[in-house]
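Some notes on the structure that comes next.
The values are calculated or read from the model by the stated rules, or taken from the named source; none is laboratory data. Note that this is a predicted model, so its numbers are computed, not measured. Neighbour counts are summed over all protein chains in view; Cβ atoms, including those assigned to glycine, are modelled from backbone coordinates with ideal geometry.
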Amino acid sequence: MKKIPILRLNRILLVSIQEDLTDNEAMQFQSDLVNKVAEIEALGVAVDITALDVVDSYMARVINDTASMVRLLGAEVMICGIQPFVAITLIEMGRDLIGADCAFNLDQGLDMLKTRIAGRGDIRFTDDGDD
Amino acid sequence: MSLSLPTFLQARREAMLAEWIEASPGADAETSVSLSTEARNRQMEILFDEIMAPLLVDPPTDFLPGPEEQASLQEHLQAMVTEQARHAANATDPIALLFVLRQVLLDHLAQWPQASAETLAEDTARLTRYFDQITLFTFDSVIRQRDRQISEQSMSLMELSTPVLRLWHQILLLPLVGIIDTGRARQVTDHLLEAIARHEARVTVIDLTGVPIIDTSVAQHIMKTIDAARLLGSRVVLTGISPEGAQTLTKLGIRFGDVTCRASLRAGIAEALLLTGKCIASMEDSGR
């Protein structure tokens, strides 16, 4: 079973989905990410799906659900790098399939995450020395 | 010389009582610490006489009255149940006590000199019916006793656990602990809205760290509380949702929409301070 690496950049988590996931792998990814967010009290999560050529409705739902869970745990979420033809398919399947915020690529996604995090209240506590 | 059954039973009273007390459950155990053996024996003696009273009517009646017709028997049975509930570990103890007495009575019945096979069968049936009624009544009392205890405990829990704290100027904290049901949710909402109005709170932090299970109904209750607080003009920050809780909520299809969520109470407080234009800073920064 493939395990998707979750990279940590300070208090932002970075995930890149490189290939199609089976249902079990998708569920595993979801719970891994959620637990990691809770563990380090992440401020933001960037999910990069540049490498995905096909996003079916199940995968779209997994991404969307994961975004909701992460938001419930108090982190900002950004989906990065949806391919143009994937975007068209997703819209044809249903408008709200991806409810999270999206960015053109990882670079812009991280920028937007950082801007948002800077506007939060808890960032001011990160440098008070007890982290 | 003919000896009627009631007279015979009357004569055997002491022996039967002694046997009952001897054989009753818990007689030898040290569980009845708070109730001395003497007090316990006296209580059993009173109960014994109450139960025996209809059996001692001379000449014997075909129909023995059930506990419904005997107010004083009811009273003593209930007293026994209450007493046992306070001291004994098993709910079946009062019932077992009655079964022991029935056995003692049946044993003595067999020793009645006038006993024939027919009268014995008849009397046994009569006695069994009588005890069945008493046992049913006692069982009912045991259940009602437990129900009363449970409802008393849940009342006291409910009153314990719904404080609304004033965290700072215009900031309220609502720490939720324990199971949230409809009654409690309404009470929590009432308390919170009252406090928001009283303190003119602009931000309310709701902490869910102490809520073990977040399911559809809990989420709905929390959502209603949040909506009500918003109508009063107070922003709500949710904190302390566990990873499992987040997964359950999302899989149940519950969306908290644009409610601000934060990982910990600490982050939630920081957010609340920001929303009211304040922050916590080190002493050096303020020039002291």
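Quick notes on this one:
- If you go through the range B:243-271 and pick out every residue that is more than 7 Å from chain A (Cβ to nearest Cβ), in contact with a Ser or Thr (Cβ under 8 Å, 6 or more places away or on another chain) and small (Gly, Ala, Ser), you end up with 1.
- Residue within the range B:201-208 that is charged (D, E, K, R), surrounded by 14 or more Cβ atoms within 10 Å (Cβ to Cβ), under 33 Å from the mean Cα position of the chain (by Cα) and modelled with pLDDT of 90 or more present: yes
- Checked against the criteria, B:Thr119 does not count as under 32 Å from the mean Cα position of the chain (by Cα), part of a helix (DSSP H, G or I) and within 27 Å of B:Leu3 (Cβ to Cβ).
- Selection within the range A:35-57 - closer than 22 Å to B:Ile254 by Cβ, part of a helix (DSSP H, G or I) and either in contact with a strand residue (DSSP E or B) (Cβ under 8 Å, 6 or more places away or on another chain) or at pLDDT below 90 (or both): A:Val37, A:Ser57
- Restricting B:Val237, B:Val218, B:Val211 to those that are within 12 Å of chain A (Cβ to nearest Cβ) and either out of contact with any Pro (no Cβ under 8 Å at 6 or more places or on another chain) or of a type in the set (D, E, K, R) (or both) reduces the list to B:Val237.
- Residue within the range A:7-27 that is touching a residue at least 40 places away in the same chain (Cβ under 8 Å), within 12 Å of chain B (Cβ to nearest Cβ) and assigned to a strand (DSSP E or B) present: no
- Residue selected from the range A:61-110 under the condition over 12 Å from the mean Cα position of the chain (by Cα) and within 22 Å of B:Thr248 (Cα to Cα), by the criterion farthest from the other protein chains (Cβ to nearest Cβ): A:Leu97
- Sole residue being touching a strand residue (DSSP E or B) at 6+ places or on another chain (Cβ under 9 Å) and over 19 Å from A:Met27 (Cβ atoms), chosen from B:Ala246, B:Ala229: B:Ala229
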